[in-house]
Amino acid sequence: MGEYSRFIDWDKMDSTIQDQDAKELTSTEFQDLKQLARQGYWAKNHSLRAKVYHKLINDIPCRTVTPDAHVYRDIVVKIAGKRNSGSLPLPEFVDNSLVPTYCLNAEGIGAVRKIISCIASQFPDISFCPALPSVVALLLHYSRDEAECFEKVCRILACNDSSKHFIDQTFLAFESSCMTFGDLVNKYCQAAHKLMVAVSKDVLEVYSDWQRWLFGELPLVYVARVFDVFLVEGYKVLYRVALALLKFFHKVRVGQTMESDNVQQDIRAFVRDIAKSVSPEKLLEKAFAIRLFSRKEIQLLQMANEKALQQKGITVKQKRQNVHLAVHAENFTSEIVDVKKMRDIWSWIPERFALCQPLLLFTTSEHGCSLSRFYSHCEGHEPTLLLIKTTAQEVCGAYLSTDWNERKRGGNKLSFFGTGECFVFRLVPEVERYEWVIIRHPELAMTGPEQGNHSSHVSDPPSATSLPSDPSDRLSPFLSARHFNLPSKAASMFMAGGMECIIIGGGDGQALYIDADLNHGRTGHCNTFNNQPLCSESFQIAIIEVWGFKDTMSS
């Protein structure tokens, strides 16, 4: 056996993995490493993977004083003593997480707890890190001894490069990453999201499990392949793989009866047994086929979620308001939708606002059909939710990310504003959401000169112009303007309002036009990417409601 075999039960290891030194790493350039990691160049050679991990982790920029192997040897007896390592209590910050055994032998299983206990003594600033047991167990497979594994994990935890992010170490960071994952599912896995909403009691609770899928449930051969790429490319790889897992789960389970009444358990079981349906290669292939934002943009989205949590006083571990309980049946009354339909809508909105509960701002049945009164009741609220019921009993609406007060920036000229988080939707006769057209068709992200004819904004597609060669250099319209002051015209193409009309458009080709008297409207296509209308092409409005978002933590 080789020098990296001390803690391994080789009977449990993939038989195709060899413990030999036949291969060498021929290049350490980033692009070469990125390609080799994705291709699984060192996946079949245990010793080579161990050497690559040592190289990649050793190159992580760390704090000046970072605990190393010598520190471990000095403190392990004091911390762990001579008692059975299997009885060592885990620190509270791992949140009772699974301690995966993977392919470790008895010595290795005991060593994991000792290493975690020593890490806890050296990192008093860690307050929440449920991924730690899995990371320790994984790296122990590729370490000569406990001290070397301890040093590797410490370097990952002590990274001081602000552009890099490896493992969440606070509840705030963990919770905001769960919210960010929920936002990404909402945008990039709509079919799976629709299934989650239909079968789960709490969709946000399901998405808060995403790191456990990777660090806890995935078999070693899969999590090691993910970790290969993660060490080279960073945190966004984890989002990609978790989205791919959800896509595969949906593909396998759609149309089937869930095995349990808890979709969380169903997903965990699927991930544990993923070898029955998906190979590691197919998992990574699917992950990197998903069109995602740049690392910078994901970081910005996470910052927005962190800010929302901080504003609500959520910085330490506590039970947060979940998506369904935010719409309380006993407190919710609408003339357009029932609680179930409102909860469906609530599952579509960005997670940082799903922490709030709906607050009725305006209704034509109480406030009349004055457009100026509509604006006066809605201004100062961001975001808002518009619901429309027609005299034909059709129900449609829009999620509007930006304060209606922004319409005044255009003076007397009708001009668009809003961000890519906006969307339009239909609830009756059937439920359907339409994304902002630029999310799916980024070639339309830049506009030509604004046109004076109001209806042209609805019926004509924006003029396409050339985009920067690297789209990742542009801030995504997915992010809220209130957080980042997006400079591009791509952030100003969804909502428009004056004293003559309201125009809401861009949702996958769908657009709404509401007349000044709030009694009549029409719907149409601002592009031709979808043939399903929101409602009748020309309709009479029975009632309009506008809902805001009440902060449940502040009351």
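The values are calculated or read from the model by the stated rules, or taken from the named source; none is laboratory data. Since the model is a prediction, treat every value here as computed from it, not as a measurement. All Cβ positions, even for glycine, are placed from backbone atoms using ideal geometry, and neighbour counts span all protein chains on display. The area values use the complete protein model at the heavy-atom level, side chains included, leaving out ligands, DNA and RNA. Shrake-Rupley method; radii C 1.70, N 1.55, O 1.52, S 1.80 Å.
Here are the numbers for this structure:
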{"item": "Among (1) modelled with pLDDT of 75 or more; (2) out of contact with any helix residue (DSSP H, G or I) (no Cβ under 7 Å at 6 or more places or on another chain); (3) of a type in the set (Ser, Thr, Tyr), the one test that Thr402 misses", "result": "(2)"}
{"item": "Test: Cys356 is of a type in the set (A, V, I, L, M, F, W, C), open to solvent by 20 Å² or more (accessible area, probe 1.4 Å) and modelled with pLDDT of 80 or more", "result": "no"}
{"item": "Any hit, the range 481-494, residues being surrounded by 23 or more Cβ atoms within 10 Å (Cβ to Cβ) and either at pLDDT 70 or above or over 31 Å from the mean Cα position of the chain (by Cα) (or both)", "result": "yes"}
{"item": "Ser200 vs. criteria buried (at least 18 other Cβ atoms within 10 Å of the Cβ), assigned by the TED database to the domain that holds Lys296 and modelled with pLDDT of 90 or more", "result": "no"}
{"item": "Any pair with Cβ under 9 angstrom, 6 or more apart, that starts in the range 58-76 at a residue that is free of Cβ contacts under 8 Å to residues at least 40 places away in the same chain and ends at one that is assigned to a loop (DSSP other than H, G, I, E, B) and not acidic (Asp, Glu)", "result": "Asp59/Thr28; Thr64/Asn160; Val65/Ala158"}
{"item": "From Tyr53, Tyr72, Tyr4, residue being more than 34 Å from the chain's Cα centre (by Cα), in a helix (DSSP H, G or I) and surrounded by 13 or more Cβ atoms within 10 Å (Cβ to Cβ)", "result": "Tyr72"}
{"item": "In the range 82-98, residue nearest to Val135 (Cα to Cα) [restricted to those that are part of a loop (DSSP other than H, G, I, E, B) and hydrophobic (A, V, I, L, M, F, W, C)]", "result": "Leu98"}
{"item": "Ile79 assigned to a helix (DSSP H, G or I), modelled with pLDDT of 95 or more and either closer than 27 Å to Tyr207 by Cβ or not assigned by the TED database to the domain that holds Ser208 (or both)", "result": "no"}
{"item": "Residues located in the range 241-293, provided they are aromatic (Phe, Trp, Tyr) and either at pLDDT 95 or above or surrounded by 18 or more Cβ atoms within 10 Å (Cβ to Cβ) (or both)", "result": "Phe248, Phe249, Phe270, Phe293"}
{"item": "Test: residue in the range 303-326 that is touching a Ser or Thr at 6+ places or on another chain (Cβ under 8 Å), modelled with pLDDT of 85 or more, among the polar types (S, T, N, Q) and assigned by the TED database to the domain that holds Trp210", "result": "yes"}
{"item": "Unmet criterion (only one of (1) open to solvent by 20 Å² or more (accessible area, probe 1.4 Å); (2) under 30 Å from Ala80 (Cα atoms)) for Leu195", "result": "(2)"}
{"item": "Helices (runs of 4 or more DSSP H) enclosed by the range 331-399 - at least 1 residues per element that are free of Cβ contacts under 8 Å to residues at least 12 places away in the same chain", "result": "339-346, 364-367, 371-378"}
{"item": "Index of the failed condition, Ala147 passing every other in (1) among the aliphatic types (A, V, I, L, M); (2) surrounded by 21 or more Cβ atoms within 10 Å (Cβ to Cβ); (3) in the same structural domain as Ile115 (by the TED database)", "result": "(2)"}
{"item": "Test: Ser47 is open to solvent by less than 90 Å² (accessible area, probe 1.4 Å) and hydroxyl-bearing (Ser, Thr, Tyr)", "result": "yes"}
{"item": "Any hit, the range 78-95, residues being buried (at least 19 other Cβ atoms within 10 Å of the Cβ), of a type outside the set (Lys, Arg) and within 32 Å of the chain's Cα centre (by Cα)", "result": "yes"}
{"item": "One residue from Thr64, Thr101, Thr16 being open to solvent by less than 80 Å² (accessible area, probe 1.4 Å), among the β-branched types (Val, Ile, Thr), in a loop (DSSP other than H, G, I, E, B) and under 29 Å from Ser121 (Cα atoms)", "result": "Thr101"}
